[in-house]
1. Please name all residue pairs, on different chains or six or more residues apart, with Cβ atoms under 8 Å, provided the first residue is in the stretch 161-183 and is more than 16 Å from Asn143 (Cα to Cα) and at pLDDT 85 or above and the second residue is open to solvent by less than 90 Å² (accessible area, probe 1.4 Å) and not in a helix (DSSP H, G or I).
2. Counting only residues that are small (Gly, Ala, Ser) and within 24 Å of Tyr393 (Cβ to Cβ), which one in the stretch 410-431 is farthest from the chain's Cα centre (by Cα)?
3. Can you name the condition, by its number, that Lys78 falls short on among (1) open to solvent by 70 Å² or more (accessible area, probe 1.4 Å); (2) at pLDDT below 80; (3) under 21 Å from Ser46 (Cβ atoms)?
4. What is the residue count in the stretch 129-152 for residues that are at pLDDT 90 or above and under 25 Å from Ala55 (Cβ atoms)?
5. Could you check the stretch 255-292 and list, in sequence order, the residues that are within 24 Å of Ala305 (Cα to Cα), β-branched (Val, Ile, Thr) and at pLDDT 85 or above?
6. Which pairs do you get when a residue that is within 16 Å of Val64 (Cβ to Cβ), found in the stretch 14-25, comes within reach of a residue that is of a type in the set (Val, Ile, Thr) and at pLDDT below 85, reach meaning Cβ atoms under 9 angstrom, with the pair 6+ apart or on two chains?
7. Examine the stretch 229-242 for a residue that is under 30 Å from the mean Cα position of the chain (by Cα), modelled with pLDDT of 80 or more and exposed (fewer than 14 other Cβ atoms within 10 Å of the Cβ), and state whether such a residue exists.
8. Pull out all pairs, ordered by first then second residue, where Cβ-Cβ is under 8 Å, the residues are six or more apart or on different chains, the first lies in the stretch 432-459 and is over 22 Å from Asn397 (Cβ atoms) and open to solvent by less than 50 Å² (accessible area, probe 1.4 Å), and the second is aromatic (Phe, Trp, Tyr) and assigned to a loop (DSSP other than H, G, I, E, B).
Amino acid sequence: MGARYGLIATAMISSISEQELTPRQSDLWVKACQSVNTKNYPYAISLLKALIKEAPGFLEGRKVLRACAVKQNSSGAKRSSLFSGMRMTSMKKTTEVTLVSVEDDLEKDPYSILANTQLHKAAMEAGLKDTATFALETICQGNPQNKKYLHMLASHLVQCEDFEKAAETYRRILEIDRADSVAIKGEKDCAARASMRAQNWENARGFRDVMKNSQETSALESGDKVGMTRAELEQRLAQLSEQYSADQTNLAVVRDIAATYERLEDWEHAYAYYNYAFSLSANDVSLNAKATEMHDNLLNAELAALEKAAAESPENEELQSRLAAKRKEHAQSFVKECRLRLEGNPTDPQLHFNLGNALFQADEYSEAIPELQRARNNPFLRTKAMLMLGKCYGAKNMNDMAIRQLQEASGELLSMDATKKEVLYLMGQLYEKMGKPEEALEQFKAIYEADYGYMDVAERVEAAYGG
């Protein structure tokens, strides 16, 4: 590694995934994840710093390293960072050395503005745009109400042509200051660019190139406006249908028909046309994602209608049976979607969590457990994953294991937020199931003291006191 430090500052460094780690690096990664799992953050940090030294392009490792530093410095993680990077910036270092050495400063102060700015600069020089983004996101996480740093992040995302995230960042600025003119324009422009990219217009010479003739273009452009009434949308649909009849392989027309059905909330036809548009395109992933979204909307609408009907007629066995079947279909569709997304990015812990959650909803508890265990190794997902593991173990009547997961999760949740209430309530239910009413009552009392109106805790606690 030492020989590589002689590279010039502009040398490119490749981003690498978990699968691309060498055997030694994989060993460090596994040991670090195990240390995170046992909350041994100092040891995890030492392992992860060694890993980043060998693989500075391994962003997932750097993210977990930062999360560990936040945990270790939780009492003062957002302190001022005026001196945090001065030792570092006083030395002339190559890009690769900076990518490694900056972690010494960030271990002490993970939200350091100077250190994260230095990491951003070095990552951009090395061609690691995602790492550069992460550095600015960390600054914003530590300073969530500071518009200056949100503007820095938004500008960087625009430079990286990540218009969807840039639009989201500008919206965060507008939540702080609705009169920020730069954010107003930036959000509008980036949202438009993101929409154009999703519809694959950026690869055309212009919108008119998508159409076959200027008359067709003019007609469709005149109908493409926000806030159309239902009658106007139906009129637009009739107009598009004429174009579709003339040429059923015109991708732009098929896509616009799908979008119009979507605005009409006709999920069945929107799904059919988005799916057909995808088949006409060169595997446009945005169209595939739209088709999936419409299918989910269709299932959700059918499920909501059945749930309402079943609630009104609880004695109707056929209706209850159809509801159970629709819930199963919905859950299986969600599992399928999560598996496909995970195939595209198998190292993303959030996707493992999503799949575990989907499998739980589909009553596939044994399959959900390994996905959630993997997600538990990520500090950002740890407590949520432990909650879901508790639910899985409880569903399998492994109540003692469920309690252990939930107790650990509760111990790590310092504030009485929604997740902690859910953890405590589930523990109370499990203790009741195990025939331990006193232990159950303690969980319900803890929620009662913080939120009287949560679920039925008030009734439970007051009944225990004879109230």
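The values are calculated or read from the model by the stated rules, or taken from the named source; none is laboratory data. Nothing here was measured: the structure is a model prediction, and the numbers come from that model. Reconstructed Cβ throughout: ideal geometry from the backbone, glycine too, with neighbour counts over all protein chains shown. Just so you know, the surface numbers come from the protein's heavy atoms only, side chains and all, with ligands and any DNA or RNA stripped out. Shrake-Rupley method; radii C 1.70, N 1.55, O 1.52, S 1.80 Å.
1. Ala183/Asp177
2. Checked the stretch 410-431; the qualifying residue farthest from the chain's Cα centre (by Cα) is Gly428.
3. That leaves (3) as the condition not met.
4. 11
5. Within the stretch 255-292, just Thr260 meets the criteria.
6. Ser17/Thr347; Glu18/Thr347
7. Applying the first criterion (under 30 Å from the mean Cα position of the chain (by Cα)) to the stretch 229-242 yields none.
No, because not a single residue in the stretch 229-242 is under 30 Å from the mean Cα position of the chain (by Cα), modelled with pLDDT of 80 or more and exposed (fewer than 14 other Cβ atoms within 10 Å of the Cβ).
8. Matching pairs, first to second residue: Ile447/Tyr454; Ala458/Tyr452.
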